[in-house]
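The values are calculated or read from the model by the stated rules, or taken from the named source; none is laboratory data. Note that this is a predicted model, so its numbers are computed, not measured. Cβ sites come from the backbone with ideal geometry, for glycine too, and all protein chains shown count toward neighbours. Ligands, DNA and RNA are stripped out before the accessible areas are found, and what is left, the full protein with its side chains, is counted by its heavy atoms. Shrake-Rupley method; radii C 1.70, N 1.55, O 1.52, S 1.80 Å.
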Amino acid sequence: MRANKNAVVARDRAGMQHSTSKAPMRALRSPALRGRVTVPGDKSISHRALILGALATGRTAICGLLEADDVLGTAAALAAMGVPIEKTGAVWLVHGRGTGGLTEPDGPLDFGNAGTGSRLMMGVVAGHEMSVVFTGDASLQRRPMGRVLKPLQQMGLIVRETGKETLPLTLEGSSRLRPIEYRLEVPSAQVKSAILIAGLHAAGKTTVVEREPTRDHTERMLRHFGAEVAVVPEGAGARVTVTGDAELIGRDVIVPGDPSSAAFLAAAALIVPGSDILVENVLMNPTRTGFYVTLQEMGATIEFINAREAGGEAVADMRVRHSPLTGVSVPAARAPSMIDEYPMLAALAAYAKGTTHMAGLAELKVKESDRLAATAAGLALAGVDAEAEGDTLRVLGTGAVRGGGPVATRMDHRIAMAFLTMGLGSASPVSVDDIGMIATSFPEFPDLIAALGGKLEPVDGKPA
Ligand code: S3P
């Protein structure tokens with residue numbers, strides 16, 4: 001079977017999402033947020049569970065998979081490469097083909113908006129004797145791929161288009177990859193993961209050296225699937241080695257809730273006076289919790305309760321109560337552990353008293369949009385005194401926000417959600433020009449905000 005119904009349906013949905021016209025929305029000053037919610041599965045872990053399941057022998061059963069366009073795009077890509085993927089009840093089943101066992105897809109693989117899906121899958125294709133066209137939406141086509149292609153080319157991947165480092169690209173893999181030792185030039189878990197995944201197919205040991213720690217889900221999950229992975233601390237970072245010619249065995253995977261999605265809900269509770277919410281089942285892996293460390297430094301009343309382990313990862317429930325916040329200085333070294341949370345932190349910092357200074361933000365410029373510029377522009381529209389300079393962002397918080405818009409979301413889900421969250425406490429509404437991209441990572445966002453009592457409405461009037 002070359003494809004399966006669920007994943008194909010998923011891809012169709014994702015495809016439709018890209019072609020719909022803009023859907024503007026605004027957030028209104030809301031009454032105290034109250035209630036208990038569960039965020040959907042972690043995006044990073046969901047991509048990896050599908051990919052490693054596909055490369056394993058036997059069946060992988062995934063509970064809590066994030067059913068958002070980015071992840072469903074990865075499922076569809078794997079299905080197009082001969083991996084049967086089906087949903088039974090709440091569980092996604094991946095019938096793995098074994099390392100090196102995927103087949104060439106009939107057509108291009110379209111990853112939509114997904115940097116993680118496309119880059120991790122480059123590591124997969126690198127290890128297979130096949131030629132594949134990678135493409136994506138306008139946002140993904142602007143993002144740098146050279147950072148992944150360079151190490152994969154050293155391992156034996158061929159890029160048909162010489163000198164081009166953006167999608168669309170035609171990649172030719174090989175079943176005889178060379179193992180390499182590679183020092184990451186940028187702190188990127190996506191690059192690290194693509195190399196490690198390719199390393200499964202190489203003859204020998206492949207090592208990635210990272211100067212600063214980035215999210216380690218690939219390393220953890222590779223071990224879970226039976227691969228040999230060594231992690232040796234080196235300076236502030238680590239030297240990660242995977243043994244090639246690996247045989248992965250299908251496993252059960254439990255995907256905890258996404259802390260990057262939970263960040264919007266936590267921020268909403270901090271912004272809206274009187275709020276007291278519980279967010280259940282949030283991933284607490286220390287490579288992902290920089291945002292919460294920062295919130296506590298700002299004076300947030302946030303409790304982590306019922307700390308436990310799920311699927312080899314730390315998980316907790318979070319009780320967040322509205323709190324007066326103070327501006328802080330966020331060190332550059334913390335950036336990798338909260339890289340996706342800066343738009344939300346910057347918007348939240350406007351409600352704090354005093355200046356919040358964020359450093360080491362170079363990577364923000366190459367996300368789904370230039371998030372540094374998009375965040376600074378949105379803050380200015382909402383009447384917040386903020387300044388982006390080089391790789392830093394400074395927000396002068398007064399404890400209150402005027403509101404305004406429409407904020408240009410630039411095909412970026414997190415810009416849309418950060419500014420809508422900001423508007424739940426502003427004097428006049430904050431509007432965003434398009435919420436379409438929220439479906440790439442957190443389709444439930446408007447419903448969960450509404451369930452907590454937050455007021456979001458389409459700009460043409462009808463409540464969400
Ligand atoms: C991700 C890594 C991060 C992050 C992205 C997901 C991953 O990107 O921004 O949302 O799953 O590996 P980089 O590794 O490129 O910084």
Report, in whole Å, the centroid distance computed from the Cα atoms of the stretch 149-223 and the stretch 100-142.
-> 13 Å
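Given a 1.4 Å probe, how much area per residue of the chain is accessible, in Å²?
Dividing the accessible area of the chain by its residue count gives 35 Å².
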10 Å Cβ shell holding at most 16 others, DSSP loop, GluC sites (Glu not before Pro): longest site-free stretch of the chain | 248-464
To one decimal place, what orientation-averaged projected area in nm² is obtained for the convex hull of the Cα set of the stretch 224-334?
-> 8.7 nm²
Grab every C-alpha pair in the stretch 137-217, bin the distances at 5 angstrom width from 0 up to the longest one, and report whole percents.
-> 3, 15, 25, 23, 20, 11, 3, 0
Carbon/sulfur accessible area of the stretch 304-454, % of total, 1.4 Å probe, equals 55 percent
Going through LYS43/LYS150; LYS365/LYS455; LYS87/LYS164; LYS87/LYS455; LYS43/LYS455 one by one, the pairs whose alpha carbons sit over 28 Å apart turn out to be LYS365/LYS455; LYS87/LYS164; LYS87/LYS455
Karplus ³J(HN,Hα) for the stretch 42-48 (6.51 cos²θ - 1.76 cosθ + 1.60, θ = phi - 60°; Hz, whole; x = Gly/Pro) runs 5, 5, 4, 5, 5, 4, 5
Check: C-alpha center the stretch 247-264 vs C-alpha center the stretch 327-394, spacing in Å is 27 Å
For the chain, what is the calculated [θ] at 222 nm in deg cm²/dmol (nearest 500), taking -39500 (n - 2.57) for each run of four or more DSSP H residues and dividing by its residue count?
-> -9000 deg cm²/dmol
Could you run the Debye sum over the Cα atoms of the stretch 281-322, one equal point scatterer each and no solvent, and tell me log10 of I(q)/I(0) at q = 0.27, 0.33 Å⁻¹, two decimals?
-> -0.98, -1.18
Angle in degrees between helix 69-80 and the longest Cα principal axis of the chain, rounded to the nearest 10 = 10 degrees
For the stretch 317-464, what Kirkwood radius comes out of the mean inverse Cα-Cα distance, in Å?
-> 15.4 Å
Among VAL83, ALA439, LEU393, pick out the residue whose Cα is farthest towards the positive end of the charge dipole of the chain, where Lys and Arg carry +1 and Asp and Glu carry -1 on C-beta, about the Cα centre.
-> LEU393
Go through the stretch 320-328 residue by residue and turn each phi into a ³J(HN,Hα) via Karplus (6.51, -1.76, 1.60, θ = phi - 60°); whole Hz please, and just put x for glycine and proline.
-> 10, 10, 3, 9, x, 10, 10, x, 9
Inverting the mean 1/r over all pairs of different Cα atoms, compute the Kirkwood radius of the stretch 394-464 and quote it in Å.
-> 12.6 Å
Calculate what fraction, in whole %, of the accessible area of the stretch 58-164 sits on carbon and sulfur atoms when a 1.4 Å probe is rolled over the protein chains.
-> 50 percent
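Whole-Å semi-axes of the stretch 209-254's equivalent ellipsoid, largest first, each the root of 5 times a Cα gyration tensor eigenvalue? Please list the in-between numbers first.
On the way: eigenvalues 98, 32, 7 Å².
Equivalent-ellipsoid dimensions as semi-axes: 22, 13, 6 Å.
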Provide Rg over Rh for the stretch 260-401; use the alpha carbon set for both Rg and the Kirkwood Rh (inverse mean inverse pair distance).
-> 0.96
Put one equal scatterer on each alpha carbon of the stretch 71-132, apply the Debye formula with no solvent term, and list log10 I(q)/I(0) at q = 0.17 1/Å to two decimals.
-> -0.57
Overall form of the stretch 147-187 per C-alpha gyration tensor (a/c, 1.5; a/b vs b/c) | oblate
Place a +1 charge on the Cβ of each Lys and Arg in the stretch 278-369 and a -1 charge on the Cβ of each Asp and Glu, then give the dipole magnitude about the Cα centre in debye, rounded to the nearest 20.
-> 280 debye
Quote the charge dipole size of the stretch 25-124 about the Cα centre in Debye, to the nearest 20; the model charges only the Cβ of Lys and Arg (+1) and of Asp and Glu (-1).
-> 620 debye
Can you work out ³J(HN,Hα) from phi for every residue in the stretch 194-208, in order, using Karplus 6.51 cos²θ - 1.76 cosθ + 1.60 and θ = phi - 60°, giving whole Hz and x for Gly and Pro?
-> 4, 5, 5, 5, 4, x, 4, 9, 8, 8, x, 9, 10, 10, 10
Charge-dipole axis of the chain as Lys and Arg at +1 and Asp and Glu at -1 on Cβ define it, positive-most pick from THR375, VAL242, MET25 | MET25
Per residue, the convex hull volume that the Cα atoms of the stretch 76-228 enclose (Å³) = 119 Å³
Quick one: work out Rg over Rh on the C-alpha atoms of the stretch 49-92, Rh as Kirkwood radius.
-> 0.91
Taking the Cα centre of the chain as origin, work out the dipole magnitude from +1 charges on Lys and Arg Cβ and -1 charges on Asp and Glu Cβ, in debye rounded to 20.
-> 120 debye
So what are the three principal axis dimensions of the stretch 192-231 from its Cα atoms, in whole Å, longest to shortest?
-> 27, 19, 16
Overall Cα dimensions of the stretch 81-170, principal axis frame, Å, largest first | 45, 28, 22
Specify which residue in the list THR409, LEU448, ALA349 is farthest towards the positive end of the charge dipole of the stretch 317-448, using unit charges on the beta carbon of Lys, Arg (+1) and Asp, Glu (-1), about the Cα centre.
-> ALA349
Along each principal axis, Cα extent of the stretch 178-252, largest first, Å = 32, 28, 19
Average silhouette area of the chain, convex hull of alpha-carbon atoms, in square nanometres = 19.2 nm²
